Every structure is written in C-alpha cells, then in structure tokens.
Amino acid sequence: MGLKLMLLLISTCVSANRNESTCADFGYELIQAKLEYLEFRFTELFVQLKEQDELFANNQRRIESEQNKMNRMVDRHERKIVNLIEGMNHAFGTNVSVITDQSRQILELQTICSNHDLIQKALNDLRPRNGLPFCTEGPAHASVLCRMMIADQPTTVQMERHRFGGDWLMVLQRLDGTETFNRNWTDYRNGFGTPGREFWLGLERLHQLTKNSPYEVLMEMEDFAGNYGYARYSKFSVGSELEQYSVKELGTHSGTASNSFATHKGRTFSTAETGTSKDCAKTYTGGWWYYPGVCYDTHFSGIWSKNNDWTSIVWKKFGSPDNLGLKFARMMIRKI
C-alpha cells in the first residue's frame, strides 16, 4: 500500500468528523498492515533467493559431475590411444623384422638359383594334377606309391613302373586275403583297402579317370600251383553311378590268359544289396560286373582261398582245375 493512499485515507478520516484518536489508530493499523505486507514480501523474496541458490548449487554439482565423467572418458581414450600406438609400433617392428628375414631368404634362394623360371617349374612339378601322378623317390623299375589328383581330389595310388612298359595305375590287388572284398555298394564306389597291399581303387575314381581319356586295361593272375598269366584289352572305360558303373568300352584282347573278361562288356556293377545281379553278389560274395544266369567268367573280388570253390578268386579257363582259387590277381589301367 503506497504513502499517497495512506494520506488519502487519513484525510478522509478527518473530513468525516472522526476524532483524532480514532484516525490515529486507523493510521497505525494501516502502517502495521504495510509493514506486515513488506515483511511477507521480504520473506517471499528470501525463499525465492534460497531456491535460486539451491538450483544454482545443484547445477554446479551436476556440471562438476559431468566434467569428472568427461575427464575420466578422456583419460580412458588417451590410454587406449597410447596402447594402440604402442601396439602398432611393436607390430611395425615385428613386420620389419619378418620382412628383413624374408628378404634375406629370397636373396639366398636367388643366390642358389638365379633363374626364376626354373624355380617355378620345380614348384609346378611338385604339384599333383588331374591324371598325372607324382611319385616319391624309389627304384626306377618297381611298383611304388604315388600321389595324383582324381576329380580334383588328392589320392594315394599304386603305380607299376616296370612291367608291360610301366606307367600302369593299379585298380585292384589281391595278395594274401588280409582285406575282405565282401563289401557294400558305398565301399566299392569310394574304394577301400591300402595301396601297396590289398585294395580296390573305387568305381567313382575309375569312372572319373576313364570318362574323358582313352585307357587300356591289363589283368594279371597266378594260381596256387604257380601258373601265371595275363589278359590285356586295348580299350577300357567305366560309366557313371547313374549307369551303375557299367563296362562301357572293352577293346581287343591279347595275352596268355583266356578272353574271359569279354562277357562282362556292357555289364553293370552289382553288390549284395544293389544292382541288377545282386543275387550273384550274394552267392559268390564281393562286388563285380556280374550278368544274369551264370553270373561271371572272371571274378577278382572273390574270397582269397586255394579251395576248389566258385566263391574264390576266379578266371575261367586258366590253370587247373579250371582256375578255381587264384593266389594272386591284380587289375591296372594306363592311358593310351
């Protein structure tokens, strides 16, 4: 309440013919009310100032907390950067050392052989390629183990390097009966046994080798009486699994053993559970290119036994009596 308003109220009081005591009391009350109002306003301002102080203090604390977080974050990143730089320096030093060592080795190799083409040729010669065997060191005239690629798969094979002009790839070998040939379709497809001992190369490998390149085939045999013979065919190829690995090609026969494999031309392969002549495989054991009726004229997958039994390894019209029970048999192919 302003001073002018107070004087106006006092003047009004006098002009209204009120006594001085009453007007004085009225003025005092007005002053007192004004003082109380001022006191209220000061209190209100004080409270507002306190709130502003607290708000400022809270803001200050929040700013300090954020600043501390920022400082800690900066410290962490600084440490990471320092560690990263140290790691890069270490890696750089290591790489420099490796490069220096490799450079020294290259210089040594160049000193040994300055012709790069010869080095490249030597490396290529060590890499097996499809249809080209890489043989380890061994006697020049011997049956040895080699490495070659068949259908882009590295494969250990046995090569005959001497007999019949050499370079023959072994498909089957029977020596002493240590490997059973009474197997299922999967085994005959993939191959089994150990090259150099008794083994079967595998129908799928045989198909992959002969499907695009001309091959000949040779079969050797010896009975328990010491009679030896061989049969050679000028062409040989095997069909795919969809064709049941049939004998698709079989060329002209030559050799000291009879032409007993000729009846198997065009025949599909059968095992005891699969094939058009699986009953033959059940009766005589072992997978082979059987045919209906008599079943076979040759049977290199029979049981290794000198017993006079048709389940044995057989080549008809060879030895005595009628070539039942061969002691030794093997089948091999060669590119023409």
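In segment 203-271, what chymotrypsin sites (Phe, Trp or Tyr not before Pro) fall in a loop by DSSP, with at most 15 other Cβ atoms inside 10 Å? Intermediate values should be presented prior to the final figure.
Numbers: sites: Tyr215, Phe224, Tyr228, Tyr230, Tyr233, Phe236, Tyr245, Phe261, Phe269; in loops: Phe224, Tyr245, Phe269.
For chymotrypsin sites (Phe, Trp or Tyr not before Pro) across segment 203-271 that sit outside H, G, I, E and B with at most 15 neighbouring Cβ atoms in 10 Å, the list reads Phe224.
Starting from the residue with the highest accessible area, list His253, His299 in decreasing order, probe 1.4 Å. Before the final figure, lay out the partial values.
Values: His253 55, His299 0 Å².
The ordering from most to least exposed comes out as His253, His299.
With every protein chain present, what accessible area does Met149 have (1.4 Å probe, heavy atoms only), rounded to the nearest 10 Å²?
Only protein atoms counted, so the area is about 40 Å².
Got a number for the accessible area of Trp185? Probe 1.4 Å, square angstrom, nearest 10.
Here the accessible area works out near 20 Å².
Could you do me a favour and compute the accessible area per residue for segment 213-336, 1.4 Å probe, result in Å²? Working shown, then result.
Details: 5150 Å² over 124 residues.
So segment 213-336 comes to 42 Å² accessible per residue, rounded to a whole number.
Counting C-alpha atoms alone, how compact is segment 183-332: give Rg to one decimal and Dmax as a whole number, in angstrom.
14.3, 41
Once you put a point 7 Å from the Cα of Asn68 and another 7 Å from the Cα of Val47, both along the Cβ direction, what distance in nm separates them?
Going by the 7 Å Cα→Cβ label model, 3.3 nm.
Counting only C-alpha contacts under 8 Å and six or more residues apart, can you give the relative contact order of segment 213-336 as a whole percent?
Values: 308 pairs, mean separation 31.8, N = 124.
After rounding, I find 26 percent.
Quick check: the distance between the Cα centres of segment 273-320 and segment 216-264, to the nearest angstrom?
The distance from the Cα centre of segment 273-320 to that of segment 216-264 comes to 14 Å.
Quick one: how many Å² of Lys335 are accessible to a 1.4 Å probe, rounded to 10?
100 Å²
The values are calculated or read from the model by the stated rules, or taken from the named source; none is laboratory data. None of these values were measured; they are calculated from a predicted model. Using ideal geometry, Cβ is built from the backbone for each residue, glycine included, and neighbour counts are taken over all protein chains shown. The protein model used for the area step is the full one, side chains on, heavy atoms only, and it has no ligands, DNA or RNA in it. Shrake-Rupley method; radii C 1.70, N 1.55, O 1.52, S 1.80 Å.
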